[in-house]
Every structure is written in structure tokens, then in C-alpha cells.
Amino acid sequence: MKTRYPHVTLDPDRHGKVRARFRKNGRKVYMKALPDQPGFEAEYKALMNAQPRVAVLPAVPRSVSDLCARFYLSGDFAGRGNDETRGRRRGLIEAFRAEFGAQLVADFQFEHIEAILIGRTEKRKLDSGRSVGGEVAARNLRKELLRLFAYARKLKWIATNPVEEAERIGRARLTGFHPWTEAEIAQYKARHPLGTRARLALEIMLWTGQRRGDTRLFGPAHIIRGKINFRASKNGADLWLPIAPDLRRAIDAMPHIGLKSFLVTQSGVPFSKDGFGNKVREWCNEAGLPQCTAHGLRKAIARRMAESQVTQLGIKAVGGWKGDSEVTLYTAAAEQESLASVAMGQAIGRFSDS
């Protein structure tokens, strides 16, 4: 029987006792506790964060498999991001390695990379029912291959990076998660009023601009001297933010909150990262917004700031972004007409003859 926790089902063991079974990447484990019992969350988190097992086989010198093994020990991989980020990156690389591991790195040309990326854009369903592939998947793979083959250049195995020369497949349409519009935000609020967990989740994400992994853990301890203070888990940014009135009203309207986090499950414990994402998906569907996601609200606050003429530096300070390119991606949905009117109005006021 499926549970709300991804990769966890309730099944009887050989003695007929119902137990929680964790299955991921071919690994099957009977867990010590059932969902919502003491110890379950800690064990589930450890299993989810466990690195996938990689078979240690003799690699052909200068092959893709040889390169991957060396790359995992490099500063670009081992010294960048947290365990969760490295696990996600490794999963993308391992999928490529499983198919092309025996091939020599020097044999890859840009047309080979393009063909691989085009193939990755095709969506398909696995036996488990999970969908894989698509243009976002192709973009993510390209990003990792770009780093992987750049490391091959450092090793002087290749003179040029074939991924750099390959076309960005479908890039015009690869905008990532859909940024919420004001109409969609209003529609969600109409379905989920103040006093509900669904509404509190929206206000937290919308007025802190943070990722779902941080949003689910936001709680009383993060309010200091009337402001919000927390450290972003992905890049370690130490952020201080004012508490927006809408967020304060949403917190005050709750009939009950958790001791450690404002948002809790029906059992009164903080959400897991995947569990929270699934719950937001459920709340969006209830509001008739299948195109909206938790991450799209991070884009929405960036869009709001861009439309309010907030500087690039100010937007980065709120969202914890490190680079300008990241902000450009997130503010792409800003209203062109209103921004252009302000910009042209300033130019007209200064230089017009009339």
C-alpha cells in the first residue's frame, strides 16, 4: 500500500507483520518504524540522502567511466553544494555513464551530444509509472555534461568541450517552473482562506522567496527582533528579511502551529521535503492550478520585486541568489509593458524636446 512518503510502501513481511518498506534505485529496505511513529522521519531522511551505489568496475582509460570516477573526486563536484545537491548531480551523471561509460571521451563530438540531449527531451514512463525525460531533463543533463567534459579538458584529454558547441535543445521553451501570476495567486487564496495550512504555505513561500526545503522548516525560532533570520540550506546564505503583513496575518490566523515549524503534518510533525512538495501539489490541484508548483512562488516574488523596480542587488538580497544570471532567470516573467513604461518615461522626461 502506498504512503504519502515517496519510495515508501506498507507491506507484510514473511511473518505477516505490516512494515514500511523503502525502495529506491534498486535498494529495498524494511524500515524499523512505521510512518508517524518515533524514529521514522530520521530513518527516512537517512535513506533518502544515501548516495546511490556505484559498481566499481575496471574502467577503460580515458573513457566516460574513467572520467566520472575522477570527476567525483574533483573540487567542482566534491567541493560544491550539499549532500542533496551532489546526490542529484550524481544521479544525472550516472544515467549518462550507464549508457556511454565504455566509450572514449575523445570520441564525443558536438553532434553526439546534441543527439543525446534530443533523445532526453522525449518523455516516457518507467515500469513504476514515474515519468522521465522532457526538455527540463535535457537542460539539467546538459548542465552536468558541460561540467563533466570541462574537467576532461583540464585533464588534457580533449582540446575543446563538445557540450559547449552543442545547441541548447529547446532553450527558448526551457523556462523551468511556471512563475505564478497575480490572478493565480488570487485564485489559490480564494480556495484556501486564512487559517488553513495551504494558505500559510503560500504566504511563507511568497513572502520569504525561499525554496520548499527551507520553507517547510520555517518556525518561531527564525523570528528574531521582529525579523526573519535563517540560513539557506542550498548555498548557506545568511538572510534577514522583514515580516510581511500578509505573512504575519497568516501565522496569527492558524488554529495551531508546530513547536519547531509553523507548518506541520496532520500528526503535528514537520513535513519532509518531498512530502511538503507533494502536499503543495495537492493544494494547487484543489485550487484548479495544475500548472503551479511550490518553486514557482519563488519566481513570483522575484517578478513582483522586478515590477516594483527593485534593483538587482536588492532582489539577490531577498532570495539569497549569488549571481546575476540566476536573478535574470527568475525575473523573466516581469511585466514588460509596465517596466518599459517606467524606463521610457524616465528617458522621455530627461531628453524629450516637448
Quiz item: Within the range 197-232, which residues are among the small types (Gly, Ala, Ser) and at negative phi?
Solution: ALA198, ALA201, GLY213, GLY219, ALA221, ALA232
Quiz item: So which residues in the range 56-73 are modelled with pLDDT of 90 or more and not basic (Lys, Arg)?
Solution: PRO61, SER63, VAL64, SER65, ASP66, LEU67, CYS68, ALA69, PHE71, TYR72, LEU73
Exercise. Return the only residue of ARG153, ARG147 being part of a helix (DSSP H, G or I), of a type outside the set (A, V, I, L, M) and free of Cβ contacts under 8 Å to residues at least 12 places away in the same chain.
Key: ARG153
Exercise. Tell me, yes or no, whether the range 221-230 has at least one residue that is surrounded by fewer than 21 Cβ atoms within 10 Å (Cβ to Cβ), in contact with a Ser or Thr (Cβ under 8 Å, 6 or more places away or on another chain) and in a loop (DSSP other than H, G, I, E, B).
Key: no
Quiz prompt | Residues (in a helix (DSSP H, G or I), surrounded by 14 or more Cβ atoms within 10 Å (Cβ to Cβ) and at pLDDT 70 or above) located in the range 315-326 | solution = ILE315, LYS316, ALA317, VAL318, GLY319
Practice problem: Specify which of the listed residues (THR215, THR293) is among the polar types (S, T, N, Q), crowded, with 21+ Cβ neighbours inside 10 Å and either closer than 25 Å to LYS45 by Cα or touching a residue at least 60 places away in the same chain (Cβ under 8 Å) (or both). | Solution: THR215
Exercise. Taking GLN187 as meeting all but one of (1) surrounded by 15 or more Cβ atoms within 10 Å (Cβ to Cβ); (2) at pLDDT 90 or above; (3) in contact with a helix residue (DSSP H, G or I) (Cβ under 8 Å, 6 or more places away or on another chain); (4) not charged (D, E, K, R), write down the number of the exception.
Key: (3)
Practice problem: Look at VAL64 and say whether it is under 26 Å from ASN161 (Cβ atoms), surrounded by 15 or more Cβ atoms within 10 Å (Cβ to Cβ) and either touching a helix residue (DSSP H, G or I) at 6+ places or on another chain (Cβ under 9 Å) or in the same structural domain as ASN235 (by TED's automatic domain parsing) (or both). | Solution: yes
Quiz item: Does ALA106 qualify as being of a type in the set (Gly, Ala, Ser), in contact with a Leu (Cβ under 9 Å, 6 or more places away or on another chain), in the same structural domain as PHE77 (by TED's automatic domain parsing) and touching a residue at least 12 places away in the same chain (Cβ under 8 Å)?
Solution: no
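The values are calculated or read from the model by the stated rules, or taken from the named source; none is laboratory data. Bear in mind the structure is a predicted one, so any value in this text is a computation, not a measurement. Cβ sites come from the backbone with ideal geometry, for glycine too, and all protein chains shown count toward neighbours.
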